[in-house]
Amino acid sequence: MELLEKNSIESHPSLLINKSLRSEIGKETEVLEIKSDSAKKYESVLKETKPYLSDFHSGKSKVLSFQSQENRSRSRRSEANSRTSLLNVRERSSFLELYKSFEKMEKDSLGFLEKLQKISSLEHDRSKSLNKPRHSELAQILNRIGWSKLQKIQLIRPRKKNEPQVAPNRRNSFNWKSWAENPYKKFFSSEEEYYKLVEGVNKAKQEYENYMRSKRGTSLLALAFCSTCQDSIFSEKSYYQSKVDYAKSAVDMVISSKLFSWMNL
């Protein structure tokens, strides 16, 4: 019977063509269904991102501006300091929310690609997706530094009441106990890179405090004779404050840039 059917098909090429055509039409129908499902999923995720897009774009522009300033020569760095804008809580939160949406879309895309692989010779490298941290993991890590809650993230872990009063330093990973337990480990290429930024913030803070301390005596004396002299006495206050802001923003920007790189932005 099989031999008869084979001979019948071979003797009538049109039957072979029709069989092949039906197969291709079936594949095309499946592909169209996959594309339709993919479009629906994409629209659904897009709706979820809308409440965060405005903050995301404003925050992203700050990150790009910072990166541009970092690429300039050191001779122009002081000029850049005065234009530094710190990320606010809503902007930082939007980065994490968009990462969640990105993860959903990537997961859906992998599902659709696996379906396409079954009906075609399409190949896809899953390794890039597998190397990225999960949103749930990042949310837990960033929660430890107040990423989505505090106006200024915690570079150094606050000491608990029952803990001994030990000054935060490199040996205790600035109160995070060790580099392995430090939440910043996920976002920095090395322990040294993190320490360098923390010490940069501490140095900027110290310079600001030294400046303010040096002017307080003059300020009190001036108030006795001139009630409007405060601005002239503290004329460089904004300069030193901008150095502190710039140093702090560098940490925010490292984390944000890492999130963007995982999202292929």
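The values are calculated or read from the model by the stated rules, or taken from the named source; none is laboratory data. Nothing here was measured: the structure is a model prediction, and the numbers come from that model. When we count neighbours, we look across all protein chains shown, and the Cβ atoms used for this are built from the backbone with ideal geometry, even at glycine.
A few comments on the model shown:
- Only residues that are farther than 23 Å from Phe95 by Cβ and either buried (at least 21 other Cβ atoms within 10 Å of the Cβ) or touching a Cys at 6+ places or on another chain (Cβ under 9 Å) (or both) were counted in the stretch 237-252, giving 1.
- Inter-residue pairs, beta-carbon under 6 Å, first closer than 15 Å to Ser256 by Cα and in the stretch 184-201, second basic (Lys, Arg) and in a helix (DSSP H, G or I), 6+ apart: Phe187/Lys258
- Unmet criterion (only one of (1) at pLDDT 60 or above; (2) surrounded by fewer than 15 Cβ atoms within 10 Å (Cβ to Cβ)) for Asp108: (2)
- Pick from the stretch 127-152, criterion of a type outside the set (S, T, N, Q) and modelled with pLDDT under 90, ranking: surrounded by the most Cβ atoms within 10 Å (Cβ to Cβ): Lys132
- Check on Phe188, at pLDDT 90 or above and not in a helix (DSSP H, G or I): yes
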